1. Residue farthest toward the positive end of the dipole of segment 309-350, with Cβ of Lys/Arg at +1 and Asp/Glu at -1: which of LEU336, LEU311, ALA323?
2. Can you order the peptides 211-220, 385-394, 111-120 by their average number of other Cβ atoms within 10 Å per residue, highest first?
3. So between GLN374 and GLN316, what do we pick up on full extension, going 0.36 nm a residue minus the alpha carbon distance?
4. If you place +1 on the Cβ of every Lys and Arg and -1 on the Cβ of every Asp and Glu, how big does the dipole about the Cα centre of segment 341-433 come out, in debye to the nearest 20?
5. Mind listing the long-range amide H neighbours of VAL195? Cut-off is under 5 Å, sequence gap 5 or more, other chains count too, H placed in the peptide plane at 1.01 Å from N.
6. How far apart, in nanometres, would the label points at LYS343 and ALA137 be if each is projected 7 angstrom from Cα along the Cα-to-Cβ direction?
7. Multiplying the sequence separation of ASP385 and ALA366 by 0.36 nm and subtracting their Cα-Cα distance, what value in nm do you get?
8. Assign unit charges at the C-beta atoms only (+1 for Lys and Arg, -1 for Asp and Glu), then state the dipole size of segment 111-193 relative to its Cα centre in Debye, rounded to the nearest 20.
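Derivation of every value follows stated rules applied to the coordinates shown; laboratory data play no part. Just so it is clear, the model here is predicted, and its values are computed rather than measured. As a convention, Cβ positions derive from the backbone with ideal geometry for all residues, glycine included, and neighbour counts pool all protein chains shown.
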Amino acid sequence: MTDWRPRPSVRRRRPPRRGPRLSRRAWGLVLAVGAVLLVVALGGSVYVSTLLASLREFHTVLPGQDEPGAVGEPRPDERINILFLGVDACQDPKTGRVLDVDVRDCPSRTDTIIVVSMDPETREAGLVSIPRDTRVAIPGHGWQKAGHAHAYGGPALAMATVEKFLGIRLHYFVRTNFAGFARLVDSLGGVELCVEKDMYYEDPAQDLVIDLKAGCQLLNGDQALQYVRYRNDSDIARVQRQQNFIRAVVDRLYRLRIVFRLHQMIADLVPYVDTNLEPKDMLRMVRLATKVDDADGRLEMAVVPGRDAWLNEGGQQVSYWVADPDGTREVVDTLLRGIDREKNAQIRVQVLNGTAIPGLGGQMAARLEAYGFQVVQVANAERQDYVATKVIGHTGDRDQLRRVGRAVLEVASAAELVNAAGEDASADVTVIVGPDTTLGVGKN
């Protein structure tokens, strides 16, 4: 197989990147779900059965995914986390020319890394972009740029790297090559985009010429691809352009009658898109996305906060985006975990140790307090033979039970949530800790 290993960066002057940008534009979720899936959503129920068969072509099974105990579909009371990977153009290592190959056959670096978290119950959504130059620990490869993980081990390693970096669990991935969207653009007769400035860039090694003029205009597929590939400024600005592009594509899809072209469009995009989502799950994600109400501020977007830095790697200066740990933790807690410490502070929680393992209740209490909950009691349960953790709501307030349950599920994935409204209790929610938690076992 051709050697696609990442090459070290060459030092160059770059403008400083701006900090995190928060937005409540509904198009952020459109990017999260992906333009391809939204195309499918327009097909209507008449075409569902045949569409499911067509979508099967997008499906990829990751190593071990079909084995017993592998990560499957999220629980009904669990947030859904999806990793979106925009793969770099595949290039011939000798000539540098872009190759038109299946996205599965080109383990190149990722230009775009986005984590989307959707709450099926509250219909809230959060989107966090990870700059490709972010310094992360890639399992088996040490500290590297986040965009290199895919080159080393495809979507499986990219998922493992992001999980470790953000401290969350990812359920699905969607991988795409923007060349596929260029074909989609041409099939739609172009897309209307407002180019924010004159863009010119030339790279003979890649046979690449970008030459766009500022202003609102109709771009064909090649021009749209130039727009998203332009790199003569910051990664943050490029992320915004990619979002603008997806917004324009989806806007075009909604304004055109394309139902009868769906199957051909899907067939054209198969080499450029793959995912471990089952076809039925793709449609489910689309339906969920259409229910997110941006008017109520239920969608938030951010970029991993940090700073530019040149670090010495093996005697060579390498450019990184170094994440701010505290800022990143806050972004992850708010947008991907759905933690609202102000609301949590209003919930009284009783923590009982239902095992013979000393200190387990105290560890759970400390975790809940870190999430802002008001822990009013820590004690042993009446018995110590619980086999699984239980979260019991006493007020009938589903939101209270859900908030505590989500925090507990992160360390006790088999925890049972029970609504026992009317019981005489000194707290709003009781957590009985079982031996199924990962508390005290390595890093959660």
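1. Of the listed residues, the answer is LEU336.
2. 111-120, 385-394, 211-220
3. Going from the current span to full extension adds 15.9 nm.
4. 260
5. GLY215, CYS216, GLN217
6. Going from the LYS343 label point to the ALA137 one covers 3.3 nm.
7. Result for the pair: 4.6 nm of gain on full extension.
8. The calculation lands at about 340 debye.
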